[in-house]
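The structure appears right after this line, and notes come after that.
The values are calculated or read from the model by the stated rules, or taken from the named source; none is laboratory data. Bear in mind the structure is a predicted one, so any value in this text is a computation, not a measurement. Cβ placement follows ideal geometry from the backbone for every residue including glycine, while neighbour counts extend to all protein chains displayed. For the accessible areas, the whole protein counts, side chains as well, though only heavy atoms, and no ligand, DNA or RNA atoms are used. Shrake-Rupley method; radii C 1.70, N 1.55, O 1.52, S 1.80 Å.
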Amino acid sequence: GQLPTWLQGILLRNGPGMHTIGDTKYNHWFDGLALLHSFTFKNGEVYYRSKYLRSDTYNCNVEANRIVVSEFGTMAYPDPCKNIFAKAFSYLSHTIPEFTDNCLINIMKTGDDFYATSETNFIRKINPQTLETLEKVDYSKYAAINLATSHPHYDSAGNTLNMGTSIVDKGRTKYVLFKIPPSVPEKGKKKSCLKHLEVVCSIPSRSLLHPSYYHSFGITENYIIFLEQPFRLDIVKLATAYMRGVNWASCLSFHKEEKTWFHFVDKKTKKEVSAKFYTDAMVFFHHVNAYEEDGHIIFDLIAYTDNSLYDMFYLKNLTKDFEEKNKLTSIPACKRFVVPLQHDQDAKVGSNLVTLPSTATAVKEKDGSIYCQPEILCEGIELPRINYDYNGKKYKYVFGTKVQWSPVPVKVVKFNVQTKEMLHWGEDHSWPSEPVFIPSPDAREEDDGVVLTCVVMSDPKKAPFLLVLDAKTFKELGRATVNVEMHLDLHGMFIPEKDLKTETE
């Protein structure tokens, strides 16, 4: 096929790549050592490269020729010949374990720099052109956080916004929203933007010892949206997991009888909205988008009724007949919540406070809290992406992967949240990854541009490829076949040529 001439830059992707080291194997697919891969678009041609992230975790494991650094689903133990008592003692004195720097989930941009990220306090700077691993950065040096999301937001001023959890800070567990500026004052040119990290605000956890797990958060023009879901981490279990010989994933549990609480933080005042909004228990990983309309906040996310998704990816379940055998007990649904921030304080108990045309409701309860029920926009999509120019604004299109009862994506889709129309691309034996939308330089409409996705084939005789779709029609424009084994990845970003520093810079 043919690529648009304006498509110049790098699609950079991240995901687990190595699952066996020596005679040892990780228990879970999400534990594998990070493998970065990239597609560089230059003058109508595509170049592929991949490289393992040379994290401290990677280096220690490879040197020992076995897994010696624990991951979320795999607890590793030091060499029994080394002094096990010293190790055990240091574990007792650290309530929070030393986490891995195996940053395998996403790519984050701050200023001119790019980082591989996961959900611990470590991120690794990388060179997006050579995929070389550069310095290791510890968020906890700049803010009191132990975990952070891999789905930051970027505002119009170029700031990177992200959220992290601060555990056992003098017994006050809280969720922390922080901001990293895009550049540093002239004098400190060599300094990292992270030195100027600023804590915007913090939200106390409803439970000190059971903070909520979260993978992303939402943002509108004036508000930050954070959902405290009853999918919780047990800190006491986490602190003793090593001694008990269990993995950290076993310290997470879903409490289906509890509520999911909504938090809205006003960006200007940095204060949380005082009204209490909630919905039923759910588990979700990805926010899609959010915006404000007539005194309401509208936000869309992909939610499940249980936490079975994580268990599917234990390697013991990833067998040849994985697709047939593994069925999700809960299909992902794209849910739209409509939250009446500005509502009549004297409204009657039991009345629906939503005044916009929507099947979503927000009903006033006896205690003054407001119970929100969503509108279901569609079912069976995951890994949602949008035209990021519309982030925090009213929008039409979600690009995602189609997952039915099996957690493996079989198609890429474009879904119109207003008309509910859906366009598909799919081929037999193909597993596409998260689709990334790139707007054309002269875009007039939201879907003027292309969608890129890496496609891995479940038939070993067929080569993987990068697929380029016209975002408007969802017709194939071209594909670049790669004659190496490509791995299923998680997330990534497109870096336009103008955002890449030249080697001399």
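Computed quantities for the displayed model
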{"item": "Single condition ASP389 does not satisfy, out of (1) closer than 23 Å to PHE465 by Cβ; (2) touching a residue at least 24 places away in the same chain (Cβ under 8 Å)", "result": "(1)"}
{"item": "Residues satisfying the stated conditions in segment 358-379, i.e. among the aliphatic types (A, V, I, L, M) and in contact with a Phe, Trp or Tyr (Cβ under 8 Å, 6 or more places away or on another chain)", "result": "ALA360, ALA362, VAL363, ILE370, LEU377"}
{"item": "Breaking point among (1) surrounded by fewer than 21 Cβ atoms within 10 Å (Cβ to Cβ); (2) of a type in the set (A, V, I, L, M); (3) under 17 Å from LEU147 (Cβ atoms), for VAL246", "result": "(3)"}
{"item": "All positions within segment 117-161 that are open to solvent by less than 50 Å² (accessible area, probe 1.4 Å), among the small types (Gly, Ala, Ser) and not in a strand (DSSP E or B)", "result": "SER118, ALA143, SER150, GLY158"}
{"item": "LEU209 among the aliphatic types (A, V, I, L, M) and open to solvent by 20 Å² or more (accessible area, probe 1.4 Å)", "result": "yes"}
{"item": "Of the criteria (1) out of contact with any Phe, Trp or Tyr (no Cβ under 6 Å at 6 or more places or on another chain); (2) open to solvent by less than 10 Å² (accessible area, probe 1.4 Å); (3) modelled with pLDDT under 90; (4) within 20 Å of ALA116 (Cα to Cα), which one CYS193 fails", "result": "(2)"}
{"item": "Exclusive hit being surrounded by fewer than 17 Cβ atoms within 10 Å (Cβ to Cβ) and not aromatic (Phe, Trp, Tyr), set ILE381, ILE376, ILE370, ILE386", "result": "ILE376"}
{"item": "Verdict on ALA303 being crowded, with 16+ Cβ neighbours inside 10 Å and among the small types (Gly, Ala, Ser)", "result": "yes"}
{"item": "Qualifying positions in segment 449-498 - more than 22 Å from the chain's Cα centre (by Cα) and more than 21 Å from GLY426 (Cβ to Cβ)", "result": "ASN483, VAL484, GLU485, GLU497, LYS498"}
{"item": "Wholly enclosed strands (runs of 3 or more DSSP E) of segment 1-84 bearing at least 2 residues closer than 21 Å to PRO432 by Cα and open to solvent by less than 30 Å² (accessible area, probe 1.4 Å)", "result": "9-18, 33-42"}
{"item": "Test result for ALA239, in contact with a Ser or Thr (Cβ under 6 Å, 6 or more places away or on another chain), among the small types (Gly, Ala, Ser) and farther than 23 Å from ASN352 by Cβ", "result": "yes"}
{"item": "Residues of segment 249-290 that turn out to be crowded, with 16+ Cβ neighbours inside 10 Å, of a type in the set (Gly, Ala, Ser) and in contact with a helix residue (DSSP H, G or I) (Cβ under 8 Å, 6 or more places away or on another chain), as a count", "result": "1"}
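Yes/no matrix, rows are residues, columns are (1) modelled with pLDDT of 95 or more; (2) basic (Lys, Arg); (3) farther than 30 Å from GLU71 by Cβ; (4) over 20 Å from the mean Cα position of the chain (by Cα):
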residue	(1), (2), (3), (4)
ASP300	yes, no, yes, no
ASN307	no, no, no, no
ASN317	no, no, no, yes
LYS325	no, yes, no, yes
GLN345	no, no, yes, yes
LYS348	no, yes, yes, yes
ALA362	yes, no, yes, yes
PRO374	yes, no, yes, yes
